[in-house]
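A.B. asks: Sharing a structure with you now.
The values are calculated or read from the model by the stated rules, or taken from the named source; none is laboratory data. Fair warning: this is a prediction, and the values are worked out from it, not measured in the lab. Every residue, glycine as well, gets a Cβ built from its backbone with ideal geometry; the counts of neighbours run over all protein chains shown.
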Amino acid sequence: MSQNLNMPPWVVWTLVALLFGFILFGILTVKRSNGIKRSFFASPYTLWMVLFTIVPCLLIAYYSFTDPNGAFTLDNFKNFWDSNYSVNQLYAQMGPEYSVLIQRGTVNIDILVYSLWMALLCTGICLALGYPAAYFMADRQIKIGSTLVVLFIIPMWMNFLLRTVAWMTLLEDQGLINTLLKFLGFHSAQLMYNDGAVLLGMVYNFLPFMVFPIYTSLTKMDSRLLEAAQDLGANHFHTFWRVTMPLSIPGVISGITMVFMPSVTTFFIPRILGGGNTMMFGDLIENRFLTEGNWNVGSALSLIMMILILISLSILRKADPEGEGGGIV
Amino acid sequence: MKKLAKRSYLALMLLFLYTPIAVLILQSFNAGKSRAKWEGLSLHWYAELFRDQAIMKALYVTLTIAVIAAAAATVLGTLAAIGIHAMRKRPQAVMMTMTNLPMTMPDIVTGISLMILFTFSKIERGYVTMLLAHITFNTPYVILSVLPKLKQMNKHTYEAALDLGASPSYALLHVILPEISPGVITGLLLAFTLSLDDFVISYFTTSPMVQNLSTLIYSKARIGIEPTLNALSALMFLALLALLLVVNRRASKTAKA
Amino acid sequence: MRKSLTCMLLLLLTLCLPMASLAEEVVNVYNWEDYISQESLDMFTQETGITVNLMNFTTNEDMLVKVRNSPSSFDVVFPSDYCIERMIAEGLIAPIDFTKVPNMQYIDANLLKPSYDPTGEYSVPYMWGTVGILYNKTMVTEPVTSWGILFDKKYTNNVFMIDSIRDCLGVTLKYLGYSMNTRDPLQLNEAKQLLIQQKKDGIVKAYQVDETKDKMVAGEAALALVWSGDAQYAIDLNPDLAYVVPQEGSNIWVDGMVIPKAAKNPENALKFIDFMCRPDIAKINCEEIWYSSPNTEAIKLMGDSYINNLTMNPTQDIIDRCEFFKDIQDFIQIYNAMWLEIKSA
C-alpha cells in the first residue's frame, strides 16, 4: 500500500491559517494585558507547540478521516469496529463463493479491551502494593523514610529496557528463578511468554510512579490531625479510614493517572516478556504503522486511544479538582 | 512487632526493585556471553565496551541530545513560564491546556504524530528530528517546574524593580531569574533525565542510522543482550550513585550552614 | 553566573561539532540482523578506505516501510526475493551497472535471472536458504517428516514460530497442500484456522525472529520453525539439534543486494557489492552465518564441509519441492488481517 504524502491544498491553507491565528492571538494578548513584555515571552513556545504538537495532532486527525488517496472516508473507524471491513469488501468483489468468509473481525476491539484490562490490573496491583509502601515510608517511626524514597527512585533512572530484559534472565525456562526452583527440588515453572510475565514487567516499571505521589501527599499531611483524632477517641483503624486516607486521595489519583495511561499504551514489555503471544494496543498501533504501512487505520486507532485517555483523565480530574496531587503532572 | 512488619514489607519491596538490577550488574562480570551460564568473573566486557563502535556512538548521541534538548527546553520553557504567568486568566487557561496536552498524550501517539509530521514535510528522519522531538516533549515539564516558583514569588517584585529604574531585561535576569532558579534547575534536570531514558518517541523519530542507547538496546534485545550493554548500565548506575551522594552531601552542608 | 552559563553552553556546542564532520567516504548498508561478518566489513574498509555504516532490520515488511519513508538513507539493502519484486514494481531501486561488479562472474548462473527479477539487472544474489523445522533429538523421539508435527498437541508449549506473516502462513499452506502464494481466500482461511487453533491449544510458546536460535541451543523448546542458516548455527553449538525440510515442501528464498534509487553513495555501493561477490569474502560470510552461498567459487573453496552439509547444501529433490515467495501485491491486506487475528487469538 503506497503512502499518500501529498495533501490537498485546502489542508495546507487551513494549517497556515491556524498558524497565523495563533500568532495573532499572541499579539492580541500582548496588547491587552498589563505585563506587556512578559507575556510575549511565551510566543516562541506557542509557535513551537503549534508546530510540533498541534499540527501533528491535526495530521493524525486528517489521516484518520481519509483513505490512502486523500478522499474523505469513515472507513478507518469502520475498520476499527470491524477489523475485517475492507477485507470483507474485497471478498464481496471477488465473488459469491467467498461470501462465506465475510464475518466481522473483532481484532481491534479485543486488543483494546485486553489492554484496558491489563492496565486496570496493573494499576490495581501497583495501588495495592504501593500504598502500604508509601504509608510505611511516611510513617514517622521509620526514620529513614526520605532515604528510602531515593532508593525507590534510583531504579527509574536506569534504562527501563535493560531492566525489562533483566527480567528475561530471571524468568526464562533456563533462567535464574527456575534454576533456583530446580535446585530446591521443585518443578520448573513456565514464568515467561504469558500474561503474568507481562503484568509483572508492567508493575515493576510503574510501581515507583504510584509510590512517589502517595508518599508526597502523605508527608504533606499535618500530623497534628492524627493526634487530634486520637485525642478525640478514634482508634488506629478509624484514624486511618477517616483522616489519613481521605487526605491522601489527591496523591492516589495522581498515582493512578501516572500508571494507568502508560500501561494502556506500553508496547515494549508485551513483546519482550510475552513472546509475541500477547498483543496489546501499543503493539497494534505500531504494527499498523510500521509493519503494515497503513497510516490511515493506524491514525484512527491512535485517535481513538487519545480520546479514551482524555475521557479517563477528565473523570480522574473530577475526583481531584484542585490538582494538589503530589506527582509531577 | 508492628515496626518489624513494616520494615520487612519495605525490605521486600526494595528486594523486588533491585533484583533485576543486581542481575544486570552481575551479568556484566560474567566471563561468558550466555545469559544463563556463569563462566567466572571477568572485566572483559568493560574493555569490550569501549571498543564497541555502535555503543559508543549511541552513547554519544544519547548524551548530546539529552544535553542540547534539556538546555533548549529549559530556555524555551522558562521564558514561556514567565510569559504564561503574566497572562490574564483566559489566555492563561488556554496555554495551560496546550501545555498539559503532550503530557496526557501517550508517548506512542506523540512519537507517531511527530513521525507523520516529519514524513509529511519530507524532512528525513535522523539526529535533527530526534532532537526536535526531545525538545518538544521536555518543554512542558520545564514549564510545570518553573510555574510554581513563579506563583510563590511576590507579585510586585518585578514592578518594584522597574520602579527603581531597572530596565525590563535587567529586571528579568537579575531579579526574577534568581528567584525562580530552583524551579529552573529542577526543570533542567527533569528534562535531562527524560531525554536520557526515552525510548518510544526516539524510536519513531529517528532513522536506523542514528541510534540512541534505548533504540540500540531495543534492536539488540530481540537477539540477545551482549554483556557490554550490562557493563554500560553498571557504569551508569555507579555514576548515578556517585552523583546522588555528592548532591546529598552538598544539601546537608548547606543545611548545616 | 552569566559568564559561567555561556561558557558551559559553548562547551556543549563544541561537543556537538564532531557530528558535523562526516566528510569521510561511507556506505550505508541496511541488512538483516546477524547476516554479515564483521571481518568482511573490516576488510572492505581496510582495502577501500570506505567506512561501513551497518544498520539492521528484522523482517522484510519493516525494511520496506523504512526504505519507502527514508529512501536516501541507504546505499545497499538486502531484501528477500518477493520484496525485490515489490521494490522493482514501486520504482524504489535502480538498475545495477554490472561493469562495475566484475565478481558477478562467480555467481551461480541459475540464479542470475530469477523470477523475482526477470531482467536480472536490479539485484545481485547474496545468500539463499530454505525454511524448515529445527528440532531437539532428545525431546522429539519420532521421525520428523511433516509440518504436521508443529501442530501436534504432544508438543504443547514447546514450539517456536517465526514472527513473520508469510513464513507462518506459507508453511501452513504447504502443509494443507496449497501454494505459498495463493490468492484464494478460502485456502488462506483454512490456514488461518489451523494457526489460530495452534495458538489457542497453547502449542506455540512464542513468536519470535532472531531469539529462536539461541533459545533452541539452550533447550527452551523441542521444535522451531527456522531459516536454514539459523538452524546450522544452532546445530553447531548444540549437537542434539537437527534440521529437516518436510516432505510437503517449503519455502526457498534468496536474499539479494540492491541499490535504492535515491542512494547517496551509489559508487561506494557498487564497490561494496562487488567486494561481497569475491570468492574469499563470500566464503567468510558463508562460514560465519551458515546460509547457502550462490557463489560457485566460494563453494569450491569451502569444499566438502559445505558440499556434504544437507542443511546448507540441500539435495535437488529438496529444492524441487520448495517454492519461492512471490509478491502478492494488494492481496497482502488479507494476509495482514488474518495475521492479526492469529496474533490476538
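A.B. asks: Which residue pairs have Cβ atoms under 7 Å apart, sit 6 or more places apart or on different chains, and have a first residue in segment C:176-199 that is part of a helix (DSSP H, G or I) and a second that is acidic (D, E) and crowded, with 17+ Cβ neighbours inside 10 Å?
C.D. replies: Correct list of pairs: C:K192/C:E341; C:I196/C:E341.
A.B. asks: Could you count how many residues in segment C:138-175 are in a loop (DSSP other than H, G, I, E, B) and either of a type in the set (A, V, I, L, M, F, W, C) or out of contact with any strand residue (DSSP E or B) (no Cβ under 8 Å at 6 or more places or on another chain) (or both)?
C.D. replies: 11
A.B. asks: Counting just the residues of segment B:53-87 that are of a type in the set (S, T, N, Q) and under 18 Å from B:F199 (Cα atoms), which one comes out farthest from the other protein chains (Cβ to nearest Cβ)?
C.D. replies: B:T62
A.B. asks: Something else now. Keeping to segment B:88-106, report how many residues are more than 7 Å from chain A (Cβ to nearest Cβ) and not β-branched (V, I, T).
C.D. replies: Residues that pass the stated criteria total 6.
A.B. asks: Could you list, in sequence order, the residues of segment B:119-172 that are within 9 Å of chain A (Cβ to nearest Cβ), more than 21 Å from the chain's Cα centre (by Cα) and hydrophobic (A, V, I, L, M, F, W, C)?
C.D. replies: Selection gives B:F120, B:L172.
A.B. asks: I would also like to ask the following. Could you check segment C:37-61 and list, in sequence order, the residues that are more than 10 Å from chain B (Cβ to nearest Cβ), buried (at least 17 other Cβ atoms within 10 Å of the Cβ) and not polar (S, T, N, Q)?
C.D. replies: C:L41, C:F44, C:I50, C:V52, C:E61
A.B. asks: Let me ask another. Run down C:E341, C:E287 and say which single residue is over 30 Å from A:L284 (Cβ atoms) and among the acidic types (D, E).
C.D. replies: C:E287
A.B. asks: Continuing with this model, one more query. For a quick check of your reading: which helices (runs of 4 or more DSSP H) sit entirely within segment A:2-116 and have at least 1 residues that are among the β-branched types (V, I, T) and at pLDDT below 80?
C.D. replies: A:9-32, A:36-40, A:85-94
A.B. asks: May I ask you to list pairs of residues, at least six apart or on different chains, whose Cβ atoms are under 7 Å apart, with the first in segment A:272-293 being at the interface with another protein chain (Cβ under 7 Å from one of its Cβ atoms) and at positive phi and the second being buried (at least 22 other Cβ atoms within 10 Å of the Cβ) and in a loop (DSSP other than H, G, I, E, B)?
C.D. replies: A:G275/A:M192; A:G275/A:Y193; A:G276/C:D163
A.B. asks: Test of understanding: among A:I249, A:I256, which residue is farther than 24 Å from B:P106 by Cβ, assigned by TED's automatic domain parsing to the domain that holds A:L116 and within 21 Å of the chain's Cα centre (by Cα)?
C.D. replies: A:I249
A.B. asks: Quick one: which helices (runs of 4 or more DSSP H) sit completely within segment A:198-296 and have at least 1 residues that are basic (K, R) and surrounded by 23 or more Cβ atoms within 10 Å (Cβ to Cβ)?
C.D. replies: Passing ranges, in order: A:268-274.
A.B. asks: Please report, ordered by residue number, the helices (runs of 4 or more DSSP H) entirely within segment C:38-101 with at least 3 residues that are farther than 30 Å from B:R51 by Cα.
C.D. replies: Because the criterion is at least 3 residues that are farther than 30 Å from B:R51 by Cα, the helices (runs of 4 or more DSSP H) in segment C:38-101 that meet it are C:60-69, C:81-89.
A.B. asks: Restricting attention to segment A:127-148, and to residues there that are in a helix (DSSP H, G or I) and in contact with a Ser or Thr (Cβ under 9 Å, 6 or more places away or on another chain), which single residue is surrounded by the fewest Cβ atoms within 10 Å (Cβ to Cβ)?
C.D. replies: Going through the qualifying residues, I end up with A:S146.
A.B. asks: Restricting attention to segment C:284-323, which residues are modelled with pLDDT under 85, outside any helix (DSSP H, G or I) and more than 26 Å from C:S179 (Cα to Cα)?
C.D. replies: Selection gives C:W290, C:G303, C:N308, C:N309.
A.B. asks: Out of curiosity, is A:W157 aromatic (F, W, Y), under 23 Å from C:M216 (Cα atoms) and in contact with a helix residue (DSSP H, G or I) (Cβ under 9 Å, 6 or more places away or on another chain)?
C.D. replies: Spelling it out, it is not the case that A:W157 is aromatic (F, W, Y), under 23 Å from C:M216 (Cα atoms) and in contact with a helix residue (DSSP H, G or I) (Cβ under 9 Å, 6 or more places away or on another chain).
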